[in-house]
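The block underneath contains the structure these notes are about, expressed in structure tokens.
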Amino acid sequence: MTEDRRQIEKHWQDYWDKIKLFEPDLKNYRHKYYCLMMFPYPSAALHIGHMRNYILGDTLARYKMMQGFNLFTPMGWDAFGLPAENAAIKDNIHPTKSTAKNIATMKKQLRQWGVGYAWSKEINSCSPEYYKWTQWLFLQLYKKGFAYRKKAKVNFCPSCQTVLANEQVIEGKCERCEANIEQKDLEQWFLKTTAYAQRLLEDLDTLTKWPEKVKIMQRNWIGRSEGDEVAFAVNSQQPTVNSSNQNPKFIKVFTTRPDTLFGCTYLAISIEHPFVTSLLKIKNQKSKIKNAEEIEKYIKEIKKQGISTRDNIAKEKTGVEIKGIKVINPVNNQEIPIWVVDYVLMEYGSGAIMAVPAHDQRDFEFAQKYNLPIKQVITSPSAKRQAPSAKRAYESEGVLINSGKYNDLNSQEAKEKITADLKKKGLAQKRVLYRLRDWLISRQRYWGTPIPIIHCPKCGTGPVPEKDLPVVLPQDVDFKPGGESPLKKNRNFIQTTCPKCGSSAQREADTMDTFIDSSWYYLRYLSPRDKKNAFDSSLVNRWLPVDQYIGGVEHAIMHLLYARFISKFLYDHKLINFKEPFASLFTQGMVIKDGLKMSKSKGNVVYPDTLIEKYGADAVRLYILFIAPPDKDVEWNSKGVEGMKKFLKRVEKLGYRLSVIGYRAQTANRKPQTDRELQRKIHQTIKKVSEDMERFHFNTVISSIMELVNSATRPPSRAGEADNPQPATRNPLEVIILLLSPFAPHFCEEIWQNVLKNKGSVFKHPWPRYNSQFIQGEKALIIVQVNGKLRAKIEAERDIPEKELKELVLKEEQLKKWLTKPIKRFIVVPNQVVNVVM
RNA sequence: GCCGGGAUGGCGGAAUUGGUAGACGCCUGGGACUUAAAAUCCCAUGUCCUUUAUGGGCGUGUCGGUUCGAGUCCGACUCCCGGCACCA
């Protein structure tokens, strides 16, 4: 098979095409199985890391096919995005061309690996046929008020020359190019993801087949936090929580720890807080402050430094007191100072906090620096009256002290009582905050879906009518980025007429974040050429949610959160009838090389093509799934592929031997007990493999099949079983081929049809079943321990009574030297272990 | 700092509910076949000790505990990987 292996593989690839093995019957949704891989970005060529992903999915798909499911595994291309555009700028090839070329290369690779998809349903997010409906989706969101424009401080990447969503900023750096992110005030489009914060959080509990890890990451990202809003009166004026924040009569703070209110010794306020801004703007207000100039100077300085919320945590906190104005702590009417600080974020809560230095580490550090009082009000329940540590704040909950009538309550009780009392006075209310922000979707780049919006000088901003979709992305664009959208420079594109009044108007020049393309693609696969609808609701409602979604853990937050958000939006507007798009999620591990994730930019990429040339696709497929459980990261080492080739050769030889000699002749030469032993192994293996397939333990599946091959190849090792004759054992080769076929499809199809002489594809044959009565022998191997240490192994009848087993143990020669003292206890685990305790 | 995950031979890994630790494979060493090599097959392969056996001690990151019995459960710690991070 070595020489013509490539030809054999190609032969079966053609065969699967011919019999349309992977083409679904979408009308037949009974026993449906929608197996979806995250669609790839078309980069130059797929490496081993990608291959692991697709082989994993293909193996599962073929297994499900054999189990009799009506399988649907489509594939497509997430083709818009920055890499293609950057490559285009560098090499001066239009993204349309380079993308098409990359897709062709990748399709060829996938085919060579024996990976099958329903190619008739292929989609490509950069084709007008697809992005027309991405635009349609945007318009639905717009019409329902879920897409809006606002001027906001946004993350701007100076290197990519575009804004980024919060999720795309990692430690203050761009996730793509790692340039430091700048904050800019820009008018941008947002989607109201926050409107779904609570449901995105709650419904995670319904996703029982998602990895816990991914759900935890999403929960943390949504970041729900329950607490209270508490109003602090400015000087002695009477505040209420219902007045506006601009009103300088009071300042609202958000806290999760109202039990520490008595320990609040100053109020810290963001430099951008409206209270501060209006204070400095309005003359008679400003005159009340003794150090207005100092504050203005401070704010200017901090703004100049650029208060990024993410990159200066290590920096020492600074601030300046507003002299001349105080606030009243509502629990004890104590006057406390207000400090304008750089460590309170305007974007979260109310932009002001009650500072409790004794019980918050940040406030503690600040108070120490500026010599502000540190007042302990919580003590640990175990060590009452513990002095506050000189080095750290005590941040845990505990028992209240120095808190007037609330003393001796625990934190939980105190929270409720203090809030209730303040609520009566109108000074507090419950509030739930989320860390999740609205999704910023505008990108000042060329290679993306144009936002279907028209700006009319008379009518203002309005949608492109649905009948005019798609808004086609023009080809002749100078796409070099320059801080604003390249489309702005294309007059033919920009100039349009207002659909309402007909006067000359301008198109929106920004394109959409590519995560919108991937937030709904799983719906389009079922009717990719439909010219009238984004998706066919009746098909979608029958085929979704996706039964198995497979992809990288790097999409745990962004893609999966956005796709869930869009599904919920479509559900609420009755366009689909399910709330969650992906019933079961599997996140495969990364392939590591030299300690780093395999990636082109790091220069540690291994391409599978030369390995496939040398060993064949099946051997590489087997190896890639054999080296580790698929959800774990794995360090790549090409050395072991050889072993897989050897293994396939042994199976081939077994097949040759059985087919030449004939299976019956072969069994006739064996003793009956040999057959029984092999038969047991066959059924045990079917059981183990079937169970492990469901758990995605593909590595142990392969080793179990190897064990069965070893048993079928080698002469029997154990004899001495009862020799009552048994019916002829099932042909081991047939079982081996069936179990192995999802992993090594070409090889197995070849043996199935040309050696075992079966008609039709092995993938049309049902997955083998085991018979549990063949699994157990009538003798059990029992481990004998003395005081917990292994001392002997004996064979005994299954389910032997304890008394007889004890006699057997006492008779055993090997054990005599250990059983020197009187037996205290005799512990039996039936058919497994005996432990003699002396 | 917080939240996850992990640590098992020379290597990748196995051990599903506490019951033979190291399956399966790679590497390595030895042997058979061969004029020779490749391929193939067979044997060995955690570690130490001895009286060389159907022998024994030790051994799953560290320390301690529970149990007849712990890689697995509990408590404390070390290191590695991933996520989040002035979120009040």
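Observations
- Here A:HIS746 meets the list (1) within 13 Å of RNA strand B (Cβ to nearest atom); (2) open to solvent by less than 90 Å² (accessible area, probe 1.4 Å); (3) assigned to a helix (DSSP H, G or I) almost entirely, failing just condition (1).
- Note on segment A:111-131: residues that are in a helix (DSSP H, G or I), open to solvent by less than 10 Å² (accessible area, probe 1.4 Å) and either touching a Pro at 6+ places or on another chain (Cβ under 7 Å) or modelled with pLDDT under 95 (or both) total 1.
- Boolean, A:VAL651 is surrounded by 15 or more Cβ atoms within 10 Å (Cβ to Cβ), within 16 Å of RNA strand B (Cβ to nearest atom), within 40 Å of the chain's Cα centre (by Cα) and at pLDDT below 90: no
- Odd one out for A:GLU677, checked against (1) more than 9 Å from RNA strand B (Cβ to nearest atom); (2) in contact with a Pro (Cβ under 6 Å, 6 or more places away or on another chain); (3) at pLDDT 90 or above: (3)
- A:THR134 being of a type in the set (Ser, Thr, Tyr) and either open to solvent by 20 Å² or more (accessible area, probe 1.4 Å) or over 30 Å from A:LEU526 (Cβ atoms) (or both): no
- The residue that is nearest to RNA strand B (Cβ to nearest atom), among those in segment A:207-221 that are open to solvent by 90 Å² or more (accessible area, probe 1.4 Å) and out of contact with any strand residue (DSSP E or B) (no Cβ under 6 Å at 6 or more places or on another chain), is A:LYS213.
- Contacts under 6 angstrom Cβ, first residue in segment A:774-786 being on the phi < 0 side of the Ramachandran plot and more than 10 Å from RNA strand B (Cβ to nearest atom), partner open to solvent by 50 Å² or more (accessible area, probe 1.4 Å) and in a strand (DSSP E or B), 6 or more apart: A:LYS779/A:GLU795
- Subset tally (residues that are part of a helix (DSSP H, G or I), open to solvent by 10 Å² or more (accessible area, probe 1.4 Å) and under 17 Å from A:LEU204 (Cα atoms)) for segment A:560-591: 1
- Residues of segment A:812-833 satisfying the condition of being closer than 17 Å to A:ALA780 by Cβ and either near RNA strand B (Cβ under 8 Å from one of its atoms) or open to solvent by 80 Å² or more (accessible area, probe 1.4 Å) (or both): A:ILE827, A:VAL829, A:PRO830, A:GLN832, A:VAL833
- Pairs linking a residue in segment A:634-662 that is closer than 30 Å to A:ILE592 by Cα to a residue that is modelled with pLDDT under 85, with Cβ atoms under 6 Å and 6 or more positions apart or on different chains, are A:GLU635/A:ILE592; A:TRP636/A:LYS593.
- Here the condition is being modelled with pLDDT of 80 or more, away from RNA strand B (no atom under 13 Å from the Cβ), within 30 Å of A:ILE19 (Cα to Cα) and open to solvent by 10 Å² or more (accessible area, probe 1.4 Å); of A:TRP767, A:TRP752, it holds for A:TRP767 alone.
- Of all the listed residues (A:VAL471, A:VAL432, A:VAL464, A:VAL477), the sole one being under 27 Å from A:VAL154 (Cβ atoms) and surrounded by fewer than 14 Cβ atoms within 10 Å (Cβ to Cβ) is A:VAL432.
- Restricted to segment A:154-190, and to residues there that are more than 12 Å from RNA strand B (Cβ to nearest atom) and under 21 Å from the mean Cα position of the chain (by Cα), the residue that is modelled with the lowest pLDDT is A:ARG176.
The values are calculated or read from the model by the stated rules, or taken from the named source; none is laboratory data. The model shown is predicted, which means the values in this text are computed figures rather than measured ones. Heads up, the Cβs are rebuilt from the backbone with ideal geometry, glycines too, and the neighbour counts pull from every protein chain shown. The protein model used for the area step is the full one, side chains on, heavy atoms only, and it has no ligands, DNA or RNA in it. Shrake-Rupley method; radii C 1.70, N 1.55, O 1.52, S 1.80 Å.
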